[in-house]
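As C-alpha cells, the structure follows; a few thoughts come after it.
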Amino acid sequence: MPGKAVVIALGGNAILQHRETGTAEEQSANVRRASRQIAAIAAGGYGVVITHGNGPQVGDILLKNEIAKDILPPMPLDVCGAESQGMIGYLLQQSMQEVLLAAGVDCPVATVLTQTLVEGNDPAFGRPEKPIGPYYTAMQARKLQEEQGWRMVQIPGQGYRRVVPSPRPIGLVEEEAIVRLFSAGAVVIAAGGGGVPVVAGPGGILRGVEAVVDKDYTAALLAQLVGADDLLILTDVERVALNYGRPGQQEIHEMTVAEAREHLAAGQFPPGSMGPKIEAAIGFLESGGERATIASLEQASSALAGQAGTRICR
Ligand code: ADP
Ligand code: MG
C-alpha cells in the first residue's frame, strides 16, 4: 500500500472542452495533459485513484443514439453511461500507463466499470436538475420536450439543455474490487461519470436508472472507501470564489468546513456545478479525510502541495 492516498476527480471539461468538436484526437490530447499532472503526483509518492466526469461524452453518445434511432435501437441512459466509462477509461488507462512509465513509476493501471447504488425513493427523482448533452435553441428544445418527453431548461446566454435527476450515491457495487486493486498498488480509474446509477430491487437485483450521479459526490465516497488523505477536485477554474461571475468576485484560498457550510447556505455555490464539489469536500473531511482541494487541472500538483487552488480543511 502506498504512503499517502489521493482521490483525483477530473472535470468533464478536462477531457473535452466546450468549444471542441470531440474528436478522438482532441480527447486523447486532453487526457494526456491530465495524465501528465497525475503521473507527477504518483511520482511524488501518492497512491492514486482517478475518477472523472462524462457530461460531454455521454451527451454525444445520446445525440448519436437520437440521430440513428430509425436504424438502431437507442440505448438507455445507464448503458450510455457505461459506454462513456469504457471510452474515457480506455483513453486514461492507455495514457496513464505511458506517462507513468516515462516518469519511472512502475505500477499497473486498471479501470473498474463502476455501478453506483442510489435510493429508488431519492427526492431527486421528483425534480430533474442535472443538465446533460448538447445545447439546443429554444425551438429545438420545445420540439424535444414534446416529442421525446425530455425535461429542458434554459441556461442563460447559452441555450437549452436536457435535465435528468441527480440522486445521491449511497454505495459502490464494485467497492471490493476497487479496494483490492488499490491496496495492491494499482492506479485505479473508477466510477467515471459518477458511476452508472443503479437501484437494488427485491433480492438485491440491480437495475440501471435514467439519472446521473454527480461525480463529485461519488469521488467523496471513493475517497472514504480507500481511506484517502486527500481529495483533489480538478475543474476549469483556478479557485472557488465568492460572488462568482458577479461584481465583487473574490477568490478563496482557504476555508474551514464551517465557513464552507456558511457560504453554501448563502447560495454562493450553485447545485449542479460548485455546490457538489463543496459538499463532497465537507463530507470527505467530516468522514476523516485530511485535506480537500479544488483547483484547475493545470495546477494539480501545486494545489495538492497547498500552493494553488482552494484548500478546505476541518
Ligand atoms: P466539472 O466538470 O469540473 O464538475 P462544473 O461545471 O460542474 O465542472 O463546475 C465547475 C464550474 O462551477 C466552473 O466552471 C464555474 O463556472 C462554476 N462555479 C459556480 N459557482 C462557482 C464559485 N462560487 N466559484 C467558482 N466556480 C463556480
Ligand atoms: Mg460538475
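Does residue 286 satisfy being open to solvent by 50 Å² or more (accessible area, probe 1.4 Å) and touching a residue at least 60 places away in the same chain (Cβ under 8 Å)?
Against the criterion (open to solvent by 50 Å² or more (accessible area, probe 1.4 Å) and touching a residue at least 60 places away in the same chain (Cβ under 8 Å)), residue 286 does not qualify.
Checking the condition more than 16 Å from ligand 1 (Cβ to nearest atom) and either assigned to a helix (DSSP H, G or I) or small (Gly, Ala, Ser) (or both), which residue from 223, 219, 228 passes?
Only one candidate passes the filter, namely 228.
Checking residue 159 against (1) surrounded by fewer than 18 Cβ atoms within 10 Å (Cβ to Cβ); (2) in contact with a strand residue (DSSP E or B) (Cβ under 8 Å, 6 or more places away or on another chain); (3) among the small types (Gly, Ala, Ser); (4) within 16 Å of residue 7 (Cα to Cα), which single condition isn't satisfied?
(4)
Filter segment 15-68 down to the residues that are among the small types (Gly, Ala, Ser), more than 30 Å from residue 144 (Cα to Cα) and open to solvent by 50 Å² or more (accessible area, probe 1.4 Å) and list them by number.
Passing the criteria: 29, 40, 43, 44.
For segment 170-193, name all the residues that are open to solvent by less than 20 Å² (accessible area, probe 1.4 Å) and closer than 17 Å to residue 226 by Cβ.
171, 172, 178, 182, 186, 187, 188, 189, 190, 191, 192
Of the conditions (1) among the aliphatic types (A, V, I, L, M); (2) within 16 Å of ligand 2 (Cβ to nearest atom); (3) without any contact (Cβ under 8 Å) to a residue 60 or more places away in the chain, residue 34 satisfies every one except a single condition; which number is it?
Unmet condition: (3).
Report, by residue number, each residue of segment 253-291 that is under 14 Å from the mean Cα position of the chain (by Cα) and aliphatic (A, V, I, L, M).
Answer for segment 253-291, where residues must be under 14 Å from the mean Cα position of the chain (by Cα) and aliphatic (A, V, I, L, M): 274, 278, 280, 281.
For segment 237-314, which fully contained strands (runs of 3 or more DSSP E) count at least 2 residues that are within 14 Å of ligand 1 (Cβ to nearest atom) and closer than 17 Å to residue 10 by Cβ?
Numbers: elements: 254-256, 291-296, 310-313.
Of the strands (runs of 3 or more DSSP E) lying wholly inside segment 237-314, those with at least 2 residues that are within 14 Å of ligand 1 (Cβ to nearest atom) and closer than 17 Å to residue 10 by Cβ span 291-296.
Here's the yes/no breakdown for (1) modelled with pLDDT of 90 or more; (2) within 16 Å of ligand 1 (Cβ to nearest atom):
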site	(1), (2)
15	no, yes
23	no, no
35	yes, no
38	yes, yes
44	yes, no
60	no, yes
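List, please: which pairs have Cβ atoms under 7 Å, are six or more places apart or on different chains, and start with a residue in segment 143-172 that is without any contact (Cβ under 8 Å) to a residue 60 or more places away in the chain and end with one that is outside any strand (DSSP E or B) and charged (D, E, K, R)?
Listed by first residue and then by second, the contacts come to 163/129; 167/119; 167/122; 168/122; 170/119.
If I go through segment 148-196 residue by residue, how many of them are more than 27 Å from residue 95 (Cβ to Cβ), part of a loop (DSSP other than H, G, I, E, B) and among the hydrophobic types (A, V, I, L, M, F, W, C)?
2
Have a look at 242, 264 and point out the one that is more than 13 Å from ligand 2 (Cβ to nearest atom) and closer than 20 Å to residue 220 by Cα.
Answer to the selection: 264.
Just the residues that are within 16 Å of ligand 2 (Cβ to nearest atom), open to solvent by 40 Å² or more (accessible area, probe 1.4 Å) and under 21 Å from residue 301 (Cα atoms), please, taken from segment 194-237.
236
Determine the pairs where a residue that is free of Cβ contacts under 8 Å to residues at least 24 places away in the same chain, located within segment 78-104, has a partner that is open to solvent by less than 10 Å² (accessible area, probe 1.4 Å) with Cβ atoms under 7 Å apart, the partner being 6 or more residues away or on another chain.
Note: pairs meeting the criteria are 80/58.
Using the structure shown, decide if residue 281 is at pLDDT 95 or above, within 16 Å of ligand 2 (Cβ to nearest atom) and within 20 Å of residue 182 (Cβ to Cβ).
Criteria not met by residue 281.
Looking at the structure I just gave you, is residue 306 open to solvent by 10 Å² or more (accessible area, probe 1.4 Å) and more than 16 Å from ligand 2 (Cβ to nearest atom)? So that I can check it myself, show each step before the final result.
Values: open to solvent by 10 Å² or more (accessible area, probe 1.4 Å): yes; more than 16 Å from ligand 2 (Cβ to nearest atom): yes.
Yes: the conditions hold for residue 306.
The values are calculated or read from the model by the stated rules, or taken from the named source; none is laboratory data. Computed from a predicted model, the values in this text were never measured in an experiment. In this analysis, Cβ positions are derived from the backbone assuming ideal geometry, glycine residues included, and neighbour counts consider all displayed protein chains. Keep in mind that these areas ignore ligands, DNA and RNA; they rest on the heavy atoms of the full protein, side chains included. Shrake-Rupley method; radii C 1.70, N 1.55, O 1.52, S 1.80 Å.
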